[in-house]
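The values are calculated or read from the model by the stated rules, or taken from the named source; none is laboratory data. Not measured: the values here are computed from a predicted model. Cβ placement follows ideal geometry from the backbone for every residue including glycine, while neighbour counts extend to all protein chains displayed. What goes into the accessible areas is simple: the full protein's heavy atoms, side chains included, and nothing from ligands, DNA or RNA. Shrake-Rupley method; radii C 1.70, N 1.55, O 1.52, S 1.80 Å.
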Amino acid sequence: MHKKIAVLPGDGIGPEVVDQGLKVLKAVEETFGHSFTYEEALIGAAAIDKTGAALPEETLKCCMDADAVLFGAIGHPKYDNDPKAKVRPEQGLLALRKGLGLYANIRPVATFDKLLDRSPLKNDRIQGADFVVVRELTGGIYFGEPRGRRDNGTVAFDTCVYSKEEVTRIGRLAFEMARSRKGRLCSVDKANVLETSRLWRETMQELGQEYPDVELSHQFVDSAAMDLIVNPKRFDVIVTENMFGDILTDEASVITGSLGLLPSASIGEKTSVFEPIHGSFPQAAGKNIANPVATILSVAKLLEEAFQMTNEAQAVRLAVERALGEGKMTPDLNEKDPLTTSALGDYISSIVPSVSVSTAK
Ligand code: IPM
Ligand code: MN
């Protein structure tokens, strides 16, 4: 099959981890007889430096024209320490999400048996944890208007807005996902305080009537944040608004042992974007120490969801599992005898053909 992939390495460790994802894609092409073309485009601080814009028009066009987008990371300390900067790298990612209508961000969290000891949490709490967070991605306080400053810049405000339509759209996706899994959906909100959350809850309750086979529960975000750590096995599918989902998924990464392991898929109206959930990790940039697994698992999601290549995706996952099982890990997970980012990418892509023997058609 021929497919076109837009590649957006972005900032910090983004280019290094994306390179490993590309190696794996090439191994998949060779093993399964596909041909992918790759078009690289600028986003984030890298784009601001070269063009002045965080999301140049050509980049959005390149993504629109592609069958899928592989994204690295965004953010640079020079902007983090300069709250007055007019153009910020993160605006590039937000504009991309808006521009492609990516209203749903799907973040699966599952433990790897071999890595249970790497999590700071107790084994018996996390073993077998396997859930998906469905994060609304184009609404809420990230995008609400008005936002800004008043009183000579001494007072700042953001607006959290949700329409019933937006909640229904993400809600349906989450109910369908729960239906295809264990049939449990937990909607996370702050309905005891926020009006947007009351609309959210009301809408989820209404939708629930259409999905009598799905067991719907509601939980306040503060309590869900605690339960995620104390009792993560309780969850199957979690659906929540943009900012709660951002925070809860970083927290959830602690269950797997490293933020460097979690992939994500952002889907919506146009081309889907596949990206690790971690950020640009500037302290590690250029050092060849970043964990490429989240990006490689995002490649698996890309193959599966954008190209319907289930066997190919499975081969990538098996290759990752095999490597981790053999102790082949970057320093975040293996301090004593670590592999570099590129060595782990080489290793995982080199075993794709052999694990594929049993998965290939
Ligand atoms: C994420 C990131 C982004 C977000 C930033 C970089 C804008 O943290 O994808 O989780 O907050 O959504
Ligand atoms: Mn985040």
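Values for this structure:
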{"quantity": "Test: residue in region 124-131 that is surrounded by 13 or more Cβ atoms within 10 Å (Cβ to Cβ), under 22 Å from the mean Cα position of the chain (by Cα) and within 16 Å of ligand 1 (Cβ to nearest atom)", "calculated": "no"}
{"quantity": "Any hit, region 237-248, residues being among the hydrophobic types (A, V, I, L, M, F, W, C), more than 16 Å from ligand 2 (Cβ to nearest atom) and open to solvent by 10 Å² or more (accessible area, probe 1.4 Å)", "calculated": "no"}
{"quantity": "Considering residues of region 279-300 that are in a helix (DSSP H, G or I) and out of contact with any Pro (no Cβ under 6 Å at 6 or more places or on another chain) only, the residue nearest to ARG118 (Cα to Cα)", "calculated": "VAL293"}
{"quantity": "Pairs where the first residue, in region 97-117, is of a type in the set (S, T, N, Q) and the second is within 16 Å of ligand 2 (Cβ to nearest atom), C-beta under 6 Å, 6+ apart", "calculated": "ASN105/ARG135; ASN105/LEU137; ASN105/SER264; ASN105/SER266; THR111/THR256"}
{"quantity": "Residue check, ALA306 in contact with a helix residue (DSSP H, G or I) (Cβ under 6 Å, 6 or more places away or on another chain) and either away from ligand 1 (no atom under 15 Å from the Cβ) or hydrophobic (A, V, I, L, M, F, W, C) (or both)", "calculated": "no"}
{"quantity": "Residue within region 219-236 that is outside any helix (DSSP H, G or I) and either within 16 Å of ligand 2 (Cβ to nearest atom) or at positive phi (or both) present", "calculated": "no"}
{"quantity": "All helices (runs of 4 or more DSSP H) inside region 42-109 with 1 or more residues being open to solvent by 20 Å² or more (accessible area, probe 1.4 Å) and at pLDDT 95 or above", "calculated": "45-51, 57-65, 89-99"}
{"quantity": "Per-region count, region 19-35, residues over 16 Å from PRO9 (Cβ atoms), buried (at least 18 other Cβ atoms within 10 Å of the Cβ) and not polar (S, T, N, Q)", "calculated": "3"}
